[in-house]
Protein chains: 2
Amino acid sequence: MIDVCLPGTGGMIPLPNRWLTCCWIEYQGAAVLIDCGEGTQIALKKAELKPSRLELLLITHFHADHTAGLPGLLLTLANSARTKPLTIAGPPGLRRIVSALTIIAPRLPFPLDIIELDKLAPQIPDKAGLTVTALPLRHGMTCFGYRVELFRKPIFNPEKAAALNIPVRLYKILHAGEAVTFEENGETVLVSPKQVLDGERKPISVCYFTDTLPFNLMSDFASGVDLLISEGMYYDEAMREKIEEKNHMLFSDSAHLAAKCGAKQLWLTHYSPALERPQDGIRTAKRIFPNTTAAHDGIMITLDS
Amino acid sequence: MIDVCLPGTGGMIPLPNRWLTCCWIEYQGAAVLIDCGEGTQIALKKAELKPSRLELLLITHFHADHTAGLPGLLLTLANSARTKPLTIAGPPGLRRIVSALTIIAPRLPFPLDIIELDKLAPQIPDKAGLTVTALPLRHGMTCFGYRVELFRKPIFNPEKAAALNIPVRLYKILHAGEAVTFEENGETVLVSPKQVLDGERKPISVCYFTDTLPFNLMSDFASGVDLLISEGMYYDEAMREKIEEKNHMLFSDSAHLAAKCGAKQLWLTHYSPALERPQDGIRTAKRIFPNTTAAHDGIMITLDS
């Protein structure tokens, strides 16, 4: 079970009534944050999320609306007496960006572990109990989409275990995937995990795409996700030319993507500041992919499929 | 006549209901902004101030709550197609700070004119029709207080001019401070400005002090200001030790300063995030200096003394 929240849903410029797009994914009290524009620490506070839980910050790309909140967030973590390390992962050049922005946040009381992702084979270590993979997007500068997944152990079936007379003290070991032996009627019995587990469970998955032009590989990368979070700068097809020039997507692009990748649901985000009422564009998107939501600041869901 | 606004009144950390302290001073459609923490561009928008009018940005010091909003503000100016230069003045090292923070705001379409102020003799060119002087404060790092003044021409007295039979076409020249001559009854008459002007007018003045320990020179620097804007991190005298350690002022420090310098009025600002209701501390401050206001975000005044 993971909690997903978009504390902000805006693009380009933070507005008094719309924070910049970022995504908070929390599992058992530890969290991953994707992107950190100006005001993100305020948006987190407003959404009642706890920055102290942050273990991994993922940066999609270096435009200011995705990065300018970094020094403020780090200082707020410092003020909360954090000492545990924070991992920050993002495009090549991340170290230089973080180093420059922290000129106003020197001497942090916790270490930063900075990971510059390889465009061809981006590797991110598991954090907060979650597995993250990255896909290079098409935004005129290096930009990554992220897929965050919770892999879960298969469900343990106590009835199967009881039928095999397995001592209860061995259940935990079997559930963890290890074989066990025990004595029964003077004989050694070997039990493998498969005998007591109910098959594989699908991971819980979230995919986050912004900012990018749409392209084919995205639907493979997002295949079967529980929640696709994807940008919709505008809904009006008349904006097509402008949006392509700036390497962004319309509502319909994300809806087509959600349909193609078999997502369970789609949240639209990263609205243009000029798009005052994203809700007005939801009908067209729903015609393409019915389970679409025009996300608003603070939207939150618990995924437990 | 100048308009003064505090779009934000917080210190240290921006909050969902309190922007970071900054000060907007506007005269005839051109403006000076003091400080630019995270979210200042949003606070300006909320206060319905127009960033396009900005001519001079003054930075008091380099702590993030006074500087982190710089790249976002510059990009918003860039998005509004600004081409006219922006002057930024602040402590020595400003060039390095601006250069680092603008790593995420490269290729601005307008030039930045950066002025690093000399601690012993800070010099700031007149901008927006206003004159700015600076005073080094005591904050454990270089930090400047600023006095912003509108110097005004003396009032022209048309009755005195008429009594001297001065042709109306010469009034403007005299008002601008130049002597004139004209022919009367075949003789050349010389008139000096003093003969038609009604003495000197006091400048309209605003003084801004944050962050600092109080010290004597501050009251000389702020002598007779129309509006003193000065920090009050807390009002509780029990916070004295903590506040001195961090080089800040209490409500009472600013109130004593206002009384000593002969300010017309005092606005308190730069509240600690822990100070939820600054209004609760106003009584004590008013006992020291009656015309004290615990400023709130967006407070605005037109000064025309």
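The values are calculated or read from the model by the stated rules, or taken from the named source; none is laboratory data. Nothing here was measured: the structure is a model prediction, and the numbers come from that model. Heads up, the Cβs are rebuilt from the backbone with ideal geometry, glycines too, and the neighbour counts pull from every protein chain shown.
What to note about this one:
- Here is the figure for segment A:137-176: residues that are aliphatic (A, V, I, L, M) and closer than 30 Å to residue A:91 by Cα total 4.
- When restricted to residues that are farther than 19 Å from residue B:14 by Cα and in a loop (DSSP other than H, G, I, E, B), segment B:250-285 contains 3.
- For the residues A:166, A:155, the requirement of being under 30 Å from residue A:192 (Cβ atoms), buried (at least 19 other Cβ atoms within 10 Å of the Cβ) and in contact with a strand residue (DSSP E or B) (Cβ under 9 Å, 6 or more places away or on another chain) singles out A:166.
- Residue within segment B:286-295 that is closer than 17 Å to residue B:34 by Cα and either among the hydroxyl-bearing types (Ser, Thr, Tyr) or assigned to a loop (DSSP other than H, G, I, E, B) (or both) present: yes
- In segment A:14-40, the residue that is farthest from the other protein chains (Cβ to nearest Cβ) out of those that are among the β-branched types (Val, Ile, Thr) and under 15 Å from residue A:231 (Cα atoms) is A:34.
- Some residue of segment B:247-258 being in contact with a helix residue (DSSP H, G or I) (Cβ under 7 Å, 6 or more places away or on another chain) and free of Cβ contacts under 8 Å to residues at least 24 places away in the same chain: yes
- Members of segment B:275-305 that are of a type in the set (Asp, Glu) and surrounded by fewer than 15 Cβ atoms within 10 Å (Cβ to Cβ): B:276, B:280, B:304
- 2 or more residues at pLDDT below 95: qualifying strands (runs of 3 or more DSSP E) within segment A:134-237: A:180-184, A:187-191
- Scanning segment A:182-212 for residues that are among the small types (Gly, Ala, Ser) and either surrounded by 23 or more Cβ atoms within 10 Å (Cβ to Cβ) or touching a Cys at 6+ places or on another chain (Cβ under 7 Å) (or both) yields one hit, A:205.
- Number of positions in segment A:95-121 that are loosely packed, with under 13 Cβ neighbours inside 10 Å and within 14 Å of chain B (Cβ to nearest Cβ): 2
- Residue in segment A:14-33 that is hydroxyl-bearing (Ser, Thr, Tyr), touching a His at 6+ places or on another chain (Cβ under 6 Å) and either surrounded by 23 or more Cβ atoms within 10 Å (Cβ to Cβ) or at positive phi (or both) present: yes
- Conditions (1) free of Cβ contacts under 8 Å to residues at least 40 places away in the same chain; (2) more than 12 Å from chain B (Cβ to nearest Cβ); (3) over 21 Å from residue A:207 (Cβ atoms): number failed by residue A:92: (1)
- Qualifying positions in segment B:48-73 - farther than 17 Å from residue B:270 by Cα, of a type in the set (A, V, I, L, M, F, W, C) and at the interface with chain A (Cβ under 10 Å from one of its Cβ atoms): B:70, B:73
- The single residue among A:43, A:78 that is of a type in the set (A, V, I, L, M), within 14 Å of chain B (Cβ to nearest Cβ) and touching an Asp or Glu at 6+ places or on another chain (Cβ under 9 Å) turns out to be A:43.
- Inside segment B:1-13, residues that are buried (at least 24 other Cβ atoms within 10 Å of the Cβ) and assigned to a loop (DSSP other than H, G, I, E, B) make up a count of 2.
- When the test is whether a residue is in contact (Cβ under 8 Å) with a residue 60 or more places away in the chain, within 14 Å of another protein chain (Cβ to nearest Cβ) and surrounded by 16 or more Cβ atoms within 10 Å (Cβ to Cβ), residue A:139 does not pass it.
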